[in-house]
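*Asks:* Sharing a structure below in structure tokens format, with a few things to ask.
Throughout, read-outs are computed from the coordinates displayed, never taken from laboratory work. Computed from a predicted model, the values in this text were never measured in an experiment. Here the Cβ positions follow ideal geometry from the backbone for every residue, glycine too, while neighbour counts run over all protein chains shown.
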Amino acid sequence: MLSIAMRYRFVLFAFTTMLSACFGGYDPSQPVTFAPGTAVPVELAVHHLDQVIDQRITLSGLPRAREGRCAGVQPLTRKDWMLTGENGACLWVSGQTEHARLLDLRPGTSDERVEVTGRLLRTDQGVFVLRLDR
């Protein structure tokens, strides 16, 4: 028979393992610092975007076209694309960058993370979009 302390440790271990699997190792309750020049992984950033609306931030993730996991259609232009994370996290990006060419945006083409910098906007429909610096 397991002691109460051992059962508690097992439940705590199972819970933290489940959280790690769901959030790709990122705990959304942890604070995030959006420091200039420092890229925040999109997996972590999506949980804190409401704190940095209309600010210039740098994010990292996998570039994807319409085959990504962001809900809806391109919010600003038909050329908008997605920055995705390993845990299904997704953020719309508006603008072009030399780091993500059109061919890189298709799933399976590139698994190389890119860093992008821009101003975070929220559309009238409540969709977050990172508008890249020109």
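*Asks:* What order do you get for ARG119, ARG69, ARG78 when you list them from fewest to most C-beta neighbours inside 10 Å?
*Replies:* Numbers: ARG119 17, ARG69 12, ARG78 7.
Ascending number of Cβ neighbours within 10 Å: ARG78, ARG69, ARG119.
*Asks:* Right, another one. How big is segment 31-132 in terms of Cα radius of gyration and Dmax, in angstroms?
*Replies:* 12.2, 35
*Asks:* Quick check: residue separation of THR123 and SER29 times 0.36 nm, minus the Cα distance between them. What number comes out in nm? Show your work: numbers first, answer last.
*Replies:* On the way: separation 94, 0.36 × 94 = 33.84 nm, distance 2.47 nm.
That pair, THR123 and SER29, stretches by 31.4 nm at full extension.
*Asks:* Just how far, in whole angstrom, is segment 116-134 from segment 38-94 if you go by their alpha carbon centroids?
*Replies:* 9 Å
*Asks:* Sticking with this structure for a sec: So if we plug the beta-carbon distance of HIS48 and LEU132 into 1/(1 + (r/R0)^6) with R0 = 25 Å, what FRET efficiency do we get, rounded to 0.05? Walk me through the intermediate numbers first.
*Replies:* Working: r = 20 Å, r/R0 = 0.78.
The calculated FRET efficiency here is 0.80.
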